[in-house]
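J.: One structure coming up, written as structure tokens, with questions to follow.
The values are calculated or read from the model by the stated rules, or taken from the named source; none is laboratory data. The shown structure was predicted, so the numbers you read here are calculated from the model rather than taken from an experiment. Here Cβ is always computed from backbone atoms with ideal geometry, including for glycine, and neighbour counts include all displayed protein chains.
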Amino acid sequence: MHMSRITDKKRKIERLLLLLCTAVYLLWFWLLEQKVTTGYHIIHVGLDDYIPFCEYFIVPYLLWFAYVILPWVYFYFRDQEIFSRMSRFLFGGMFICLFICTIYPNGTDLRPVMDPDKNVFCRLLGFIWQADTPTNILPSIHVYNSIGINIAIFKSARTRDSLPLKALSTVLCVLICLSTIFLKQHSCVDVLAASMLAYTMYSVVYEPLTAEDMKERMQRRRLAARQQTD
């Protein structure tokens, strides 16, 4: 009974922290969207010009919302350990992204002239472009969160043994990442930066170095140095 009360208290604290982080993130992002409108650094590399615009990628782009929310809800009820790690991974990375955009205002000039009446896909993309400015893009939060969800699915004991689910998740993750550049929402640099941030956060959240790990690394470096001198 005592352990049950501790667990319930811990979950209440996590819920409050989650709500607080969500509120802070939304407010911070909104302020950036209002403030960063001119004078920002343009993120644009040569490779971006070789990637064609394709409005059909609006489908996986919009599926991102379900891809992030549904696993989050599922893990909250079925795998608290992964839910906690995933939350630290996602919010930690998102706050880093916002911090980067705060000290380094950035945006893109990649959006082409588009006829929103061409088809339903262009119409949907038009709604996205009206609501989302082409600023605060580096690193891509769309890409970062997609990678974070895919990692959680691979890590959870509830889902890691399901090959079809992992395959579906990986395919959707890749399509979502590609959608950001085929819709001209992001530069290739944004995708690369998000991937590098995800790699770093994975090491921190899922495979943190212990004191023994650090000691072993130091011993290996000393041994390698001795071998070089010999």
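J.: If I ask for residues that are over 27 Å from Cys54 (Cβ atoms) and either surrounded by 24 or more Cβ atoms within 10 Å (Cβ to Cβ) or among the charged types (D, E, K, R) (or both), which ones from the range 155-188 would you list?
T.: If the condition is that a residue be over 27 Å from Cys54 (Cβ atoms) and either surrounded by 24 or more Cβ atoms within 10 Å (Cβ to Cβ) or among the charged types (D, E, K, R) (or both), then Lys155, Arg158, Arg160, Asp161 are the ones that fit.
J.: I'd like to verify a number: residues in the range 157-178 that are modelled with pLDDT under 95 and touching a Pro at 6+ places or on another chain (Cβ under 9 Å), how many?
T.: Qualifying residue count for the region: 1.
J.: Given (1) more than 28 Å from Phe95 (Cβ to Cβ); (2) surrounded by 14 or more Cβ atoms within 10 Å (Cβ to Cβ); (3) at pLDDT below 95, where does Glu216 come up short, assuming only one miss?
T.: (2)
J.: Which residue pairs have Cβ atoms closer than 7 Å, lie 6 or more positions apart in sequence or on different chains, and pair a first residue in the range 112-126 that is touching a residue at least 60 places away in the same chain (Cβ under 8 Å) with a second residue that is loosely packed, with under 12 Cβ neighbours inside 10 Å and not aromatic (Phe, Trp, Tyr)?
T.: Close Cβ pairs (under 7 Å, with a partner that is loosely packed, with under 12 Cβ neighbours inside 10 Å and not aromatic (Phe, Trp, Tyr)) amount to Cys122/Asp115.
J.: What do you reckon, is Ala152 surrounded by 18 or more Cβ atoms within 10 Å (Cβ to Cβ), under 11 Å from the mean Cα position of the chain (by Cα) and within 22 Å of Phe95 (Cβ to Cβ)?
T.: It is false that Ala152 is surrounded by 18 or more Cβ atoms within 10 Å (Cβ to Cβ), under 11 Å from the mean Cα position of the chain (by Cα) and within 22 Å of Phe95 (Cβ to Cβ).
J.: Here is a further query. Show the residue pairs that are 6+ apart or on different chains and have beta-carbon atoms under 7 Å apart, the first residue being within the range 17-45 and surrounded by 12 or more Cβ atoms within 10 Å (Cβ to Cβ), the second being among the small types (Gly, Ala, Ser) and assigned to a helix (DSSP H, G or I).
T.: Going by the 7 Å Cβ cut-off, the qualifying pairs are Leu18/Ser87.
J.: Further question on the same structure: What's the number of the only condition in (1) of a type in the set (Asp, Glu); (2) in a helix (DSSP H, G or I); (3) within 20 Å of Ala194 (Cβ to Cβ) that Asp49 fails to meet?
T.: Among (1) of a type in the set (Asp, Glu); (2) in a helix (DSSP H, G or I); (3) within 20 Å of Ala194 (Cβ to Cβ), Asp49 violates only (3).
J.: Residues to consider are Gly107, Gly93; find the one that is of a type in the set (Gly, Ala, Ser), more than 12 Å from the chain's Cα centre (by Cα) and surrounded by 18 or more Cβ atoms within 10 Å (Cβ to Cβ).
T.: None of the others qualify; the one that does is Gly107.
J.: I've got another one for you. Could you grab me the full set of residues in the range 110-149 that are under 16 Å from the mean Cα position of the chain (by Cα) and of a type outside the set (A, V, I, L, M)?
T.: Residues satisfying the conditions are Asn136, Pro139, Ser140, His142, Tyr144, Asn145, Ser146, Gly148.
J.: May I pose another question? What single numbered condition from (1) hydrophobic (A, V, I, L, M, F, W, C); (2) part of a helix (DSSP H, G or I); (3) crowded, with 20+ Cβ neighbours inside 10 Å fails to hold for Phe127?
T.: Going through the list (1) hydrophobic (A, V, I, L, M, F, W, C); (2) part of a helix (DSSP H, G or I); (3) crowded, with 20+ Cβ neighbours inside 10 Å, Phe127 breaks only (3).
J.: The conditions are (1) of a type in the set (Ser, Thr, Tyr); (2) closer than 28 Å to Phe154 by Cβ; (3) more than 21 Å from the chain's Cα centre (by Cα), and Thr37 fails exactly one of them. Which is it?
T.: Looking at each condition in turn, Thr37 falls short on (2).
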